[in-house]
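Input: a single structure, listed below in structure tokens.
The values are calculated or read from the model by the stated rules, or taken from the named source; none is laboratory data. Computed from a prediction, not measured in an experiment: that's the story for all the values here. Every residue, glycine as well, gets a Cβ built from its backbone with ideal geometry; the counts of neighbours run over all protein chains shown. Remember, those area values only see protein heavy atoms, side chains included, never the ligands or the DNA or RNA. Shrake-Rupley method; radii C 1.70, N 1.55, O 1.52, S 1.80 Å.
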Amino acid sequence: MTQVDTAETGQDETRQGESRQRVTRQGEADREITGGPGSHRALATRSLRTRIRRTVRRAARPEPWKRGRLLAGLALLLGLVMMLHAWIPNRIGNLGSLVETFLPWLGVFVPALLACALWRRSASAVVALLLPSLVWLSLFGGVLSDKSRPGGDLTVASHNVGADNPDPAGTARDLIASGADVLALEEITPQALGTYEQELATAYPFHEVQGTVGLWSRLPLSDTRAVDVKMDAGALAATLPDDVQAEYSRGLRTTVATDQGPLAVYVAHLGSVRVNPRSGLSAGRRNAGAQSLGEAVAADRSERVVLLGDLNGSTDDRAFADLTSGMRSAQDAAGDGFGFTWPVEFPVIRIDQILVRGVDPTRSWVLPSTGSDHLPVAAEISW
């Protein structure tokens, strides 16, 4: 073989090697495109990295920070309202109490503003939304967890049975099924009182009624008296006969004899509130009743006290400061969620409360609906 032939043979072998390498690379590329092992994962990883780089580059531009300044301002305002709600004055239409009544619902504006911020591609609005998000979580994040635990010694329940309840007998049977040892009823009409007394007599041999509120118990009751919740405030109250005033009494205090010792129980139904677009929150009678009830509970020397009733307001409302400063909400201490009770069709606020002092709530929950426009509430307490 000549040197020329040898050179040509070497060149042929080199060309064949390069061809094989090209085929190998093309095959690998084809496998990656057509779904070879790990190809989809690699493509997805590169795609994600590409999107992240593009997002970072876009966020670094000045335009996203200039867009949505109004949204950013609204987000900051929302956060400040939630954070500084106690500083909102009540001088005009009880605005502070109105905000505090619906304070948990201010959180729904966060996802709404976030959706608008993403639609506007506003980086400044997204960052501003961190403030209301963190404030809401600091105020109500703990409410969402289940804080109940075993070990209750006594079950108490409360229900505004509703003056327009079409089936008081059915409501009474539902409440018996709850297993409560002590049961408070509010808004009892004279027409329905006999029905409740008859239906509850077997399960609850002891009961006391003052006006439109009452307490039924499996355990003996003593030292029962009316509690003034200022439903007849003003000069007219002094002119009403005693029997007429008694009919409109909406508060009582009694003592339940338990195996662990006496338990003072208050039952109250405070005045209603109204929201008017012009005058704001009308709650003068409710506020006066809350103050009077708070003073009565504070003056009570009993070691253990439970308050059951329809307070017509959230415990976040500053109007209940006299009560909440010395008592704990069973729902806050041992409930799961907000425990909204009114209106029954779509509860948006908890106005039916169980407050305690000197006892430990171990569980708190909302009972199924009855014929009333309120949901009943219950709690287990221990010593």
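Assorted remarks:
- In the context of the full set of protein chains, residues of the range 67-153 present 59 Å² of accessible surface per residue (probe radius 1.4 Å, heavy atoms only).
- Estimated FRET transfer efficiency when R0 is 30 angstrom, pair R51-L130 (beta carbons, to 0.05): 0.85
- Probe 1.4 Å, accessible area per residue of the range 252-382, Å²: 38
- Cα-based shape type of the range 57-152, given that a ≥ b ≥ c are square roots of the gyration tensor eigenvalues and the cut on a/c is 1.5: oblate
- Two-site FRET efficiency, D300 against E63, from Cβ-Cβ distance with R₀ of 41 Å, rounded to 0.05: 0.05
- Placing dummy labels 7 Å off each Cα toward the beta-carbon, the span from K147 to D167 is 3.5 nm.
- In plain terms, the chain from A201 to F346 could stretch by 49.0 nm, reckoned as 0.36 nm per residue minus the Cα-Cα distance.
- Summing charges over neighbours of P368, with a neighbour being any other residue whose Cβ is under 15 Å away from its Cβ, gives -4 when K and R count +1 and D and E count -1.
- Restricting the range 267-296 to trypsin sites (Lys or Arg not before Pro) that sit in a DSSP loop and have at most 12 other Cβ atoms within 10 Å of their own Cβ leaves R278.
- Whether the range 133-242 is rounded, prolate or oblate, judged on the alpha carbon gyration tensor where a/c under 1.5 counts as rounded: oblate
- Shape call, the range 272-383: gyration tensor on alpha carbons, a/c limit 1.5: oblate
- Per-residue surface analysis assigns E303 an accessible area of about 140 Å², computed on protein heavy atoms at 1.4 Å probe radius.
- The stretch between L80 and T189, if pulled fully straight at 0.36 nm per residue, gains 34.8 nm over its current Cα-Cα span.
- Net length available on complete extension from D336 to A257 is 25.5 nm, with 0.36 nm assigned per residue and the Cα-Cα distance removed.
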